[in-house]
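*Asks:* Quick one: the structure is below, and I'll ask about it shortly.
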Amino acid sequence: MIKFNICAPMRLAGHVAAVMLVAGAAQADPALGLWQTEPDRKNLTSHIEITQCGAALCGKVVKAFDASGQAVRTRNVGKRLFWDLKPQGGGRYGEGTVYVPLLDVTARAKAELNGNRLRVTGCKGPVCDGQTWKRVR
């Protein structure tokens, strides 16, 4: 006589559904995607790809552009710009670290999302500065 355990497939389906739900929730963060920075002091803008890094967000410079919009190669393309930026609810992110290439320093990072605008701020001691990025996609 062959016995079938009908509970095992249902348990497996439940585990798969749970994994997919967690993965979907992690990918659903509205700050994920491609963002364009404001022009820096050299009048260059960059595209920053924001991705999920565990429970936090990370950002990497994927392209840079001169004032005419032409792609340029800089030493920052490919570098991680920020990491460990944690969602805090209401479009706010904090407790992260940002690398400021122009000053070659790291600072405490926070961000606030408002529609297709992301205000990114870095603070070193009591001094804070930031930019507002716009969503590319």
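*Asks:* So what's the gap between the Cα centers of segment 47-81 and segment 97-137, to the nearest angstrom?
*Replies:* Cα centroid to Cα centroid, the span is 13 Å.
*Asks:* With every protein chain present, what accessible area does Y99 have (1.4 Å probe, heavy atoms only), rounded to the nearest 10 Å²?
*Replies:* Solvent-accessible area, nearest 10 Å²: 40 Å².
*Asks:* At 1.4 Å probe size, what's the solvent-accessible area of S68? Round to the nearest 10 Å².
*Replies:* Near enough 90 Å² of accessible area.
The values are calculated or read from the model by the stated rules, or taken from the named source; none is laboratory data. Computed from a predicted model, the values in this text were never measured in an experiment. Quick note on the areas: whole protein, heavy atoms, side chains included, nothing else; ligands and nucleic acids left out. Shrake-Rupley method; radii C 1.70, N 1.55, O 1.52, S 1.80 Å.
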